[in-house]
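The numbers here are math on the coordinates, done by the rules we state, and not lab data. Because the structure is a prediction, the values reported are computed rather than measured. Virtual Cβ from ideal backbone geometry, glycine too; neighbours counted across all protein chains shown.
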Amino acid sequence: MLNVNVSEQLVSRTTGTGKDLVLLHGWGMNSGVFEHFIPLLEQDFRITTIDLPGFGENNSYLPDTYSVGALAHAIHDILPHQSIVAGWSLGGMVAQQLAMDYPERVAALVTIASTPRFVNGPCWPGIQAELLAQFEAELARNYHKTLERFLAIQAMGSATAKQDMKAIKQSISAFPSPSEAALKSALNLLSTEDLRHQVGKIKQPTLRIYGRLDSLVPTSGIDRICELHPQSDTVVLPHASHAPFISHPQQSADIIRQFAYSA
C-alpha cells in the first residue's frame, strides 16, 4: 500500500514493509525513476522516496542556498530514524552528506553510481568540466533537449541503452516538471561540490555500487574513493552503466538486500 506523506514543506511516499530504506534520485530526475525498481524490494523493506527540493512533487520548495548540505538539511527531518539511505548519482552525494550530518537518521549508506566529487581534476577521474559547462549553457535554451542528452550519456555503454532511456523518460514524466532554478543550481553542484575530505568520517556501514561502463562516474576513480573511505564496500556491475538499478534491476536489488541484512 502506497502512503503519500506531506510535511510542512516536503512530500514523501512510502510503501512496503520491513527495514526502512530511503531512495534518492539524481539530477534532472524525480522519484518516478524508481518505479520499476521498488517492486523488487518492497517485500523486504519499507521504502520511502523523497523528491529532492526543486524536483518532482517538491518542485516548489527551494532552500535559500542550494548546496548538498542544504539539501540534506531540508530532507533529514522526514527520514525515518535509522534508515538505510540509498542515493543514485547526485542523490548519492546527498546521501553521503546525510550520513555525516545526521547519523541518528542513517543506519547504513548505499551509493549507486555516485562519488564524493563528480567533476574531474588532478588525479581525479570524473565528468569533464567542459561538458558540464556545455550542459549549463544548453539548459538555459532548452531543458528537455538538455535532459535528453544527459539521459543518453547516462545509458551510454549499456547493452540496453535505448530501453533504459525510454524507461527513465516514461517513469519521470508522471511527476511534475522540475524548477528551472533547481535544475541550474543542482547542475552547478556537480561542478562545485567536493566531499572528498569528509567521506572518511562516515561511520555507518557503506556499500558503493558502480557500473563498469559508466562514463559519468568512471571506474578508474574507484581506487581513489576507496582510499578516502576504506571502510566502504564496493561492487562493480560489469555490464551496467550509470543506472544499474534500471539496466540490471534484479541484480541491483539482490546486492542491496544482501548488504542491508548483513549491515
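Full extension of the chain between Ala137 and His36 yields a length gain of 33.1 nm, computed as 0.36 nm times the residue separation minus the alpha carbon distance. Here the extension length gained between Lys145 and Cys226 equals 25.6 nm, from 0.36 nm per residue of separation less the Cα-Cα distance.
Take the Cα of Arg196, step 7 Å toward its Cβ, do the same at Glu130, and the gap between the two points is 2.1 nm. For the pair His81 and Ser215, label points projected 7 Å from Cα toward Cβ lie 4.7 nm apart.
Could you pull out every residue, at least 5 positions away or on a different chain, whose amide H is within less than 5 Å of the one on Leu237? Hs are placed 1.01 Å off N in the peptide plane, and Pro or chain starts have none. Distant-sequence amide H within range of Leu237: Tyr210, Gly211, Arg212. Based on a Kirkwood Rh over C-alpha pairs, give the Stokes-Einstein translational diffusion coefficient of region 197-253 at 37 °C and viscosity 0.692 mPa s in µm²/s. Diffusion coefficient, whole number: 275 µm²/s. Dividing the mean sequence gap of close Cα pairs (under 8 Å, 6+ apart) by how many residues the chain holds gives a relative contact order of 21 percent. When the listed pairs Lys145/Lys184; Lys19/Lys201; Lys19/Lys203 are checked against a 21 Å cut-off, the alpha-carbon distance exceeds it for Lys19/Lys201.
Between Ala152 and Lys166, the contour length at 0.36 nm per residue exceeds the alpha carbon distance by 4.0 nm. For region 18-42, list residues with backbone N below 20 Å from a point placed 7 Å from the Cα of Lys184 toward its Cβ? 27-29, by backbone N distance to the label point. Springs join every pair of Cα atoms under 10 Å in this Gaussian network model of the chain, and among Asn30, Asn120, Asn142 the largest mean-square fluctuation is at Asn142.
Modelled this way, with points 7 Å down the Cα-to-C-beta line, the labels at His239 and Thr65 are 4.6 nm from one another.
For Lys162, the aspartates and glutamates whose Cα falls under 17 Å of its own Cα, not counting residues fewer than eight places away in the same chain, are Glu148, Asp214.
Restricting region 103-139 to GluC sites (Glu not before Pro) that sit in a DSSP loop and have at most 14 other Cβ atoms within 10 Å of their own Cβ leaves Glu104. Just want the answer: with Cβ charges of +1 for Lys and Arg and -1 for Asp and Glu, which residue in Val106, Ser252, Met29 is farthest toward the dipole's positive end in the chain? Going by the Cα projections, it comes out as Ser252.
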